[in-house]
Structures are given as C-alpha cells and as structure tokens.
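What follows is a short report on a single structure.
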Amino acid sequence: MTDPFGRTITYLRVSVTDRCDLRCHYCMSEDMTFLPKADLLTLEELDRLCSAFIARGVRKLRLTGGEPLVRRNVMSLVRSLSRHLKSGALHELTMTTNGTQLARFAGELADCGMRRINVSLDTLDPDKFRAITRWGALDNVHAGIDAAQAAGLKIKINAVALKGVNEDEFPDLIEWAHGRGMDFTLIEVMPLGEIGEGRLDQYLPLSVVRARLAERFSLEDIDYRTGGPARYVRVGETGGRLGFITPLTHNFCESCNRVRVTCTGTLYMCLGQEDAADLRKPLRASEGNELLSAAIEEAISRKPKGHDFVIDRRHKRPAVARHMSVTGG
C-alpha cells in the first residue's frame, strides 16, 4: 500500500477496546462514556481485518486500547494473529499496555511470538502515579514488568512529558529504565479530546526537555528506528537508548508509514486528522474480503501529508475532539 506521497504503509495500530482500568488525566476524562459493546468489532472480525491489512503489505502490527489486556478473551485474538508470524507474512506482533495486567498475561504473550512490548509509565512515585491515573497502583505495573522480563519480553517504557508533574523525574526514569535494560521514550502531550483540564497547563516541549537532559547526560544521536515516530539518542552515562516523540515541536510526518484502526472498525489515516473510513460496513457486508480490500485501498489514497496538531491558545480546545483512548495509543 502506497499513499499519495509515496510512503509505503507497513505498520498498523489496532485498538481492541476503548476501555481502560486507569483514567490517566491527559488521556481520558474522569467520567468517560464508553462505547456500547455492540458497536465494537468482535475478536473474529478484528482478526479478519488485521489479516486483510497483512495481505496488503502490513508487516508490523501493534495492539492497543484503551488498555488491550482488559478486553475479554483478547488472548484468543493474539494467538490467532500469531499464525502470521509463523508464516513470515508478519514480521512483528506487539502491544502497548499500561502494565497493570501484564503479570497475568506476559508468559502467554511471549508464547504467542511477541518479542517486545511498550509499557506506558509516567512516574516512579506511587502517590504521583495514583494522582496521574486517578486510582492506579504502581506495584501492579512493577509486577507486570517483572513478569514480562522473566518471560523474555523486551520492554520500552513510554512516558508522557507533563509540565509541573513529572518533569523533575526524567533523569531518574532514564537511569531506572536503562538499569533494567529497557529503552525509554518521552512523548509530548497530544491535543486530543476534552479532558476537563487545560492542555496549556500540561504541555512541555521536548526541545526544552532535551536541552535540560543534555546538561546532565551526554546524548548522541543514533540511527535507530523501531518503525514508529521516535527519534533516538544514546545516553553515554547509561549506555541505553532514549527516544523523543515530538508531534508538536518536530513534525515527524514525512516518514509516516502508519495507519490506525479503532475497535469499531474506523480507519484513521492520520492520528491528527478527522478524516476516516468505515471498514466495519464492508467487513460485515460480505464473507469475502473484496469490499474490505477496496475500502482500505481507497482510504490509503486519502492519507494526508501530515497532521495539524497545535495547542490552541485562542479557544483552549483540543486539535482533535476524539480521545486518545478511542483512536488507540
């Protein structure tokens, strides 16, 4: 699949649920209204949809949410999709998780062919973790990370940079992650969804963060890619990799190879645009994949050159109305 700007689409991120067992205040409102279960694709439909993308050249598939591991029987989907790893059609099957359920599922994820996962973790302070997530317990995440590493899974820690919240912890988070052999990536807060708090109060440019970190660490730019938007440096003092995902201070769209599908079968060709394609209708209209494949092809032909993310200082509103948990991480 090639978009209008010559970019080959090889990476699909699929949200299997909009639900989560946490309520991180940059991602969700406290009183979220979740989708009716009848609106969600079944696990069998998600398998068929993912397989159609793999048949059209997707080589990396990431399962997201919400929190993917709270979807009932989600491991049956993971086990089924693992057949594409065995056939060689899919190069990587991975997941982004908050880590709260990893202690239960890490071994099975590894058995299904997952080799690495991303864990979202913004702080090492239990009280601050509870405040950010509104009710989460940090010990559950630590237990999940322990289980994942024991199962042989490689882990990358993702942290959202939040002004006045966790910016003082970045050096400690880097040293902790690298000390356990984990990559660490910082992400700028993205202006998606009404969350009841001002984005201006949360937004911390990673250009500022990098300059601060460079006063403490020696940072060497490296040519390392995982298929996503992060740009990496090597931290001389720890030997580990540090990534920066900068949708606002440094637009990364020129090399975008990704599309996203929600748990309702809506395809977003760009995280920062509202244009979308309904794949649920053609998926359910026929037992064959001709209609689905045609809908995918038509949608890719509309993939935009880039997003329009901006922190709206005039109207104090998000650039995109839907919450991050709806689109998938």
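The values are calculated or read from the model by the stated rules, or taken from the named source; none is laboratory data. Please read these numbers as outputs of a predicted model, since none were measured by experiment. Cβ atoms come from the backbone with ideal geometry, glycine included; neighbour counts cover every protein chain shown. Note: areas computed on protein heavy atoms with side chains; ligands, DNA, RNA excluded. Shrake-Rupley method; radii C 1.70, N 1.55, O 1.52, S 1.80 Å.
The set of residues in the range 272-289 that are in a loop (DSSP other than H, G, I, E, B) and either open to solvent by 20 Å² or more (accessible area, probe 1.4 Å) or at pLDDT 95 or above (or both) comprises Gln273, Glu274, Asp275, Leu279, Ser286, Glu287, Gly288, Asn289. Would you confirm, using the coordinates I've provided, whether Ala148 is touching a Phe, Trp or Tyr at 6+ places or on another chain (Cβ under 6 Å), at pLDDT 95 or above, surrounded by 22 or more Cβ atoms within 10 Å (Cβ to Cβ) and of a type outside the set (Val, Ile, Thr)? It is false that Ala148 is touching a Phe, Trp or Tyr at 6+ places or on another chain (Cβ under 6 Å), at pLDDT 95 or above, surrounded by 22 or more Cβ atoms within 10 Å (Cβ to Cβ) and of a type outside the set (Val, Ile, Thr).
For the range 239-271, a residue qualifies if it is modelled with pLDDT of 90 or more and out of contact with any strand residue (DSSP E or B) (no Cβ under 9 Å at 6 or more places or on another chain), and exactly one does: Gly239.
Against the condition open to solvent by 10 Å² or more (accessible area, probe 1.4 Å) and touching a Lys or Arg at 6+ places or on another chain (Cβ under 8 Å), how does Arg116 come out, does it pass? In short, yes.
Would you check which residues across the range 212-238 are at pLDDT 90 or above and in contact with a strand residue (DSSP E or B) (Cβ under 6 Å, 6 or more places away or on another chain) and list them?
Matches in the range 212-238: Phe217, Leu219, Glu220, Asp221, Ile222, Tyr224, Arg231, Tyr232, Val233, Arg234, Val235.
Restricting attention to the range 160-178, the residues being under 30 Å from Ala110 (Cα atoms) and in contact with a Ser or Thr (Cβ under 7 Å, 6 or more places away or on another chain) number 3.
Residues of the range 25-63 that are exposed (fewer than 15 other Cβ atoms within 10 Å of the Cβ), in a helix (DSSP H, G or I) and modelled with pLDDT of 95 or more: Glu44, Ala55. Of the strands (runs of 3 or more DSSP E) lying entirely inside the range 79-168, the ones with 3 or more residues being among the β-branched types (Val, Ile, Thr) are found at 92-97, 154-161.
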